Amino acid sequence: MPASSLVKSVALAGAGTLGSVILPELLKAGFVTTVLTRKDSNRDSSFPSGALVKEVDYASSSSLVDALEGVDVVIATLTDRDAQVALVKAAKEAGVKLFVPGEFGNPTTNIEQSEVHPIIYGKKQIQDSLKSVGLSALLIFNGPFTDTTFNAFLGFDTTTGRIRLVGKGDTPISWTTRLDVARFLVHHLSTLTSFPSPSEPAILRIEGDRKTYNQIVDIYRRLHPEQDVRVEYVPVKEAEKIAKDVQSDFIKSFIEFLLLSWEKGATVDRGHELDNARWPEWKPKSVEDVLKEQA
Ligand SMILES: NC(=O)c1ccc[n+]([C@@H]2O[C@H](COP(=O)([O-])OP(=O)(O)OC[C@H]3O[C@@H](n4cnc5c(N)ncnc54)[C@H](OP(=O)(O)O)[C@@H]3O)[C@@H](O)[C@H]2O)c1
C-alpha cells in the first residue's frame, strides 16, 4: 500500500518515452494504477501486470470521464496539447483531485508566447486550462532527460563522435534521468499530505546533475579516448533563425529551440529553487553515470 493516505488511485495517460518508466514505479509503490491508452494506439508492447488498462478516445469526453472514475491523481505524459486539455476537463468532471500535466522539462511558468516554440507554449496553455477549470496541479521541472539526449537526433552523435552544440557550451544545464524523475514524482505522491490550491500550481523543480555542454564533452572524451570527438559550435544567431522557422520544419525548429534554451540558461534560471532536499535519499544519477552506461 502507498504511504500516502491521501492518494490511492492514479491514472497515467500515455505510457510512452516517459510514462513507460513512471508506470512500474507507481505499481511498485502500491497505487491502484490505471493506464489510459488510445483505441487506435500503435504501441507495440504490452503493459506490466498489475496495471489496469482503459482504452480511451481523447475526442470523447464521456470516454475520459468514465475512465477517470474514482481516480485521485492524473499524470499526463502526453505531448498532444488538445488531448491534454480534453483530459483536464474530464478530470475535473470526474472529481480528480490533482493533475500532473506533461511538463517534465524546463520551467515554463514565466514564459511569453513570443519567446518560445509553439510546443512549449502549449504547456502554458494546459496550465491555463487547469486554472480555468479549478483543478489542482503539480508541475515537474527537471531539465532535459540525461538518458535520452546524447544521440544523433539531438546533435550528439556517439557513433561518429560529431557533436553539434549551440552557442559556447558554457551554460550550466539541469539534467535528470527519466527514472529519477519517476522516482521523485512517485515518492512525492506517496508522501503527500495536502493538495495544492487550484489557483496556484505546486512546483517540483528537481535536478539530477548540473553540467555545461563543454563539461559533458570533456567527460565523453575521457570515457572514449579512442574516438576522434569533434565539436561544431553553432552561433546563437544562426540557431535562432532555425528555431523561429516553424513553417519549414516544425520538429527541426523545436530541437533547435531546445538547444538554444539550454544555452540561454532556461533550464536553471527561472526563479525556482531546487526541491532536491525534500527527499535526501533520492540520490539521482549524474551525467557521467549515464554516459558510462551508454558506453
Ligand atoms: N526533458 C526532456 O528531455 C523530455 C524529453 C521527452 C519528453 N519530455 C516530456 O515528457 C512528457 C511525455 O513525453 P513522451 O516523450 O514520453 O511522450 P510520447 O512518448 O511521445 O507519447 C506518450 C504517449 O502519448 C500517447 N499519444 C501519442 N500521440 C497522441 C495523441 N495525438 N493524442 C493523445 N495521446 C497520444 C501515446 O500513448 P498511447 O498510444 O498508448 O495512447 C504515447 O505513448 C511530455 O511532457 C514531454 O514534453 C521531456
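Once both labels are modelled 7 Å past Cα along the beta-carbon direction, what's the E69-Q247 spacing in nm?
5.0
Starting at the first residue of region 46-62, write each ³J(HN,Hα) from the Karplus equation 6.51 cos²θ - 1.76 cosθ + 1.60 with θ = phi - 60°, in whole Hz, x for Gly and Pro.
In residue order, the calculated couplings are 8, 8, x, 5, x, 7, 7, 10, 10, 7, 10, 10, 5, 8, 10, 4, 5 Hz.
Taking the Cα centre of region 184-295 as origin, sum charge times position over the Cβ atoms of Lys and Arg (+1) and Asp and Glu (-1), and report the length of that vector in debye to the nearest 20. Kindly include the intermediate steps, with their values, before the conclusion.
On the way: 16 positive and 20 negative charges, 19 e Å.
The dipole of region 184-295 has a size of about 100 debye.
Tell me, what HN-Hα J-couplings in whole Hz come from the Karplus equation 6.51 cos²θ - 1.76 cosθ + 1.60 at θ = phi - 60° for each residue of region 243-257, using x for Gly and Pro?
Taking θ as phi minus 60°, the curve returns 5, 7, 7, 6, 5, 5, 8, 4, 5, 4, 5, 5, 4, 5, 4 Hz for region 243-257.
Under the 0.36 nm per residue contour assumption, what length would be gained going from the current alpha-carbon distance of D44 and S197 to full extension? The partial results should precede the final answer.
Values: separation 153, 0.36 × 153 = 55.08 nm, distance 3.87 nm.
Roughly 51.2 nm would be gained on extension.
I need I173, I163 ordered by Cβ neighbour count within 10 Å, fewest first. Display every interim value, and only then the final one.
Working: I173 26, I163 23.
Fewest to most other Cβ atoms nearby, the residues stand as I163, I173.
In region 200-240, whose amide N lies under 11 Å from the spot 7 Å out along Cα-to-Cβ of W282? List them in ranges.
204-209
Cα axis of helix 178-190 to longest principal axis of the chain: angle in degrees, 0 to 90, nearest 10?
30
Determine one quarter of the surface area of the Cα convex hull of region 122-191, which equals its mean projected area, and express it in nm² to one decimal. Before the final figure, lay out the partial values.
Numbers: hull surface 27.8 nm².
Spelled out: convex hull of the Cα atoms, projected over all directions, averaged, 6.9 nm².
Residue by residue, what Karplus-based ³J(HN,Hα) values in Hz, rounded to whole numbers, does region 75-86 have, using 6.51, -1.76 and 1.60 with θ = phi - 60° and x for Gly and Pro?
Computed from phi, the couplings for region 75-86 are 10, 9, 9, 9, 10, 7, 5, 5, 4, 5, 5, 4 Hz.
With charges only on Cβ, +1 for K and R and -1 for D and E, what is the dipole size of the chain about its Cα centre, in debye, rounded to 20? Each step should come with its number before you reach the end.
Working: 34 positive and 39 negative charges, 49 e Å.
Using Cβ point charges on Lys, Arg, Asp and Glu, the chain gives about 240 debye.
Here are some pairs, K28/K283; K237/K283; K39/K97; K124/K244; K92/K241; K237/K285; which of them have Cα atoms lying more than 30 Å apart in this structure?
Values: K28/K283 18 Å; K237/K283 38 Å; K39/K97 26 Å; K124/K244 18 Å; K92/K241 40 Å; K237/K285 33 Å.
Going by Cα-Cα distance, K237/K283; K92/K241; K237/K285 fall outside the 30 Å limit.
Please list, ordered by chain and number, the residues whose modelled amide H lies under 5 Å from the amide H of V35; skip anything fewer than 5 residues away on the same chain.
Residues meeting the amide H criterion: L12, L52, V53, K54.
Nearest 0.05, what FRET efficiency do K237 and Q113 give at R0 = 25 Å with Cβ-Cβ as r? Walk me through the numbers on the way to the answer.
On the way: r = 22 Å, r/R0 = 0.86.
Working from the Cβ atoms, E equals 0.70.
Which residue, chosen from S5, S46, L78, occupies the Cα position most advanced towards the positive end of the dipole of region 1-153, where the dipole is computed from +1 (Lys, Arg) and -1 (Asp, Glu) charges on Cβ about the Cα centre?
Checked the options; the winner is S5.
Using +1 on the beta carbon of Lys and Arg, -1 on that of Asp and Glu, and nothing else charged, what's the dipole of region 111-259 about the Cα centre, debye to 20?
Numbers: 18 positive and 19 negative charges, 27 e Å.
With only Lys, Arg, Asp and Glu charged at Cβ, the dipole is about 120 debye.
Select from region 1-88 those GluC sites (Glu not before Pro) which occupy a DSSP coil region and have at most 16 other Cβ atoms within 10 Å, ordered by residue number. Before the final figure, lay out each step's value.
On the way: sites: E25, E55, E69; in loops: E69.
Filter output for region 1-88: E69.
Amide H of F141 versus every other amide H placed in the peptide plane: which residues, excluding those fewer than 5 positions away on the same chain, fall under 5 Å?
HN-HN under 5 Å from F141: L204, R205, I206.
Helix-only estimate, please: 222 nm mean residue ellipticity of the chain, summing -39500 (n - 2.57) across DSSP H runs of length 4 or more and dividing by its residues, to the nearest 500. Working shown, then result.
Numbers: 10 runs with 106 residues, N = 295.
Taken over the chain, the calculation gives -11000 deg cm²/dmol.
According to the square roots a ≥ b ≥ c of the eigenvalues of the Cα gyration tensor, what is the shape class of region 27-93, taking rounded for a/c under 1.5, prolate for a/b larger than b/c otherwise, and oblate for the remainder? Write down the numbers at each step before the final one.
Numbers: a/c = 1.77, a/b = 1.22, b/c = 1.46.
Oblate, because a/c is 1.5 or more while a/b does not exceed b/c.
With unit charges on the beta carbons (Lys and Arg positive, Asp and Glu negative) and the dipole taken about the Cα centre of the chain, which residue among S136, Q215, I111 sits farthest to the positive side?
The residue sitting farthest along the positive end of the dipole is S136.
Modelling each spin label as a point 7 Å along the Cα-to-Cβ direction, I'd like the R210/T148 distance in nm, to one decimal.
For R210 paired with T148, the spin-label model returns 2.4 nm.
Over the Cα atoms of the chain, what radius of gyration and what Dmax do you get, in Å?
That works out to 19.4, 58 Å for Rg and Dmax.
Once the other residues with Cβ under 13 Å from the Cβ of T146 are scored (Lys, Arg +1; Asp, Glu -1), what is the net sum?
Summing Lys and Arg as +1 and Asp and Glu as -1 gives -2.
Could you please report the charge total around S9, scoring K, R as +1 and D, E as -1 over all other residues with beta-carbon less than 14 angstrom from its beta-carbon?
Working: positive: K8, K54, K97; negative: E69, D72.
Charge balance near S9 sits at +1.
Determine, from the Cβ-Cβ distance of F254 and S5 and an R0 of 41 Å, the FRET efficiency 1/(1 + (r/R0)^6), rounded to the nearest 0.05.
On the way: r = 41 Å, r/R0 = 1.00.
That gives a FRET efficiency of 0.50.
Just to be sure I understand the model, the point goes 7 Å from the Cα along the line to the Cβ. What's the resulting H272 to K131 distance in nm?
Going from the H272 label point to the K131 one covers 1.5 nm.
Using the C-alpha gyration tensor of region 185-248, what are the square roots of 5 times its eigenvalues, in whole angstrom, with the largest one first?
Equivalent-ellipsoid dimensions as semi-axes: 38, 24, 9 Å.
Work from the charge dipole of region 61-202 (Cβ charges, +1 for Lys and Arg, -1 for Asp and Glu, about the Cα centre) and give the residue of G155, W175, V96 farthest towards its positive end.
Going by the Cα projections, it comes out as G155.
Readers should treat all values here as calculations from the given coordinates under stated rules, not as data from a laboratory. Quick caveat, the model's predicted, so the values are computed rather than measured. Don't worry about glycine lacking a Cβ; one is built from the backbone with ideal geometry, like all the others, and counts go over all protein chains shown.
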